[in-house]
Amino acid sequence: MRPPEPAALDRLADRGWPALEREELEGWTLRAADGVTNRANSVLTCGEVPDVEAAIERAERWYRERGLPAVFQVSPATSPALVAALAAREYREHSQTDILVADRADVVAAGAAATSAATTIATADTPPPGWLATWWAVDGRGGDPERDTVARILNAAPALYAWAGSSDAPDAVARLALAGDWAGLYAVATLPTARRRGLARALAVALADEAGGRGVEHLWLQVLADNTAAHALYSRLGFRPASRYAYWTAPSG
């Protein structure tokens, strides 16, 4: 498989975890969702704008009006002029992330060759009652309002959901966002008491298998660059690096 261009991967990831509010700024997209998650509250910069400085100032005003810091998602598809301008404004780069891709069939085959988790794995088009609670217990940041915002983000894009164990209180969960013949793996989370049982692998494989009936041929996912354990897991499933990005956040004060 030849990986898509970085700009195409940036747009796929945007579809998979959509902001609740968005506005086009020439070649960029301004995104907001009450400050919940960087991806849904940052500028997608994989297009060109005629005047970088003017576009930055407009973006800063847009986020200031919403009580949010200005954050830019920067990838290989981003103009070097923007990177230079953000550095000059003393923006802080953080959350360096790798984008990995794989053929769906390869992930299913790799999973079949491994020992399956000794736990019931289920999938559905909508999350069961306990799905969000498990994900929030592992990766959630904030209280009930932020959790409600995540629920709205999840409902804003078609996806498959997987969980291990009871649907009311899963041990582990994962989500596969559907985007044509591509699908993105998101929200993989395992409770501390259920780790080291192969649940994350089993969930990813189950979702990849189920997605075959939805016309999906290729998968992508995002993983923090320094998460060596996750990189090792996904490498064993056939995922390979295809692009990367980081966030640049405006200085406080």
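The values are calculated or read from the model by the stated rules, or taken from the named source; none is laboratory data. Given the structure is predicted, the values throughout are model-derived calculations rather than measurements. Don't worry about glycine lacking a Cβ; one is built from the backbone with ideal geometry, like all the others, and counts go over all protein chains shown. The accessibility values were calculated without ligands, DNA or RNA, using every heavy atom of the protein model including side chains. Shrake-Rupley method; radii C 1.70, N 1.55, O 1.52, S 1.80 Å.
In segment 54-75, the residue that is farthest from the chain's Cα centre (by Cα) out of those that are of a type outside the set (D, E, K, R) and exposed (fewer than 14 other Cβ atoms within 10 Å of the Cβ) is ALA54.
Under 6 Å by Cβ, and 6 or more places apart or on different chains, what pairs join a residue from segment 32-58 that is farther than 30 Å from ASP144 by Cβ with one that is of a type in the set (D, E, K, R)? Matching pairs, first to second residue: CYS46/ASP10; VAL49/GLU26.
In summary, ALA202 fulfils each of the numbered conditions (1) over 19 Å from LEU132 (Cα atoms); (2) touching a Gly at 6+ places or on another chain (Cβ under 8 Å) with the single exception of condition (1). Residues that are more than 17 Å from GLY165 (Cα to Cα) and touching a residue at least 12 places away in the same chain (Cβ under 8 Å) within segment 126-141 comprise ASP139, ARG141, listed in sequence order.
The residues in segment 59-100 that are without any contact (Cβ under 8 Å) to a residue 24 or more places away in the chain, under 28 Å from TRP220 (Cα atoms) and basic (Lys, Arg) can be counted, and the count is 0. Has segment 139-149 got any residue that is assigned to a helix (DSSP H, G or I), within 14 Å of VAL188 (Cβ to Cβ) and within 16 Å of the chain's Cα centre (by Cα)? Yes, because at least one residue in segment 139-149 is assigned to a helix (DSSP H, G or I), within 14 Å of VAL188 (Cβ to Cβ) and within 16 Å of the chain's Cα centre (by Cα). The set of residues from segment 1-36 being part of a loop (DSSP other than H, G, I, E, B), open to solvent by 30 Å² or more (accessible area, probe 1.4 Å) and at pLDDT 95 or above comprises GLU5, LEU20, ASP34, GLY35. Within the set ASP209, ASP226, the sole residue that is surrounded by 14 or more Cβ atoms within 10 Å (Cβ to Cβ) and at pLDDT 95 or above turns out to be ASP209.
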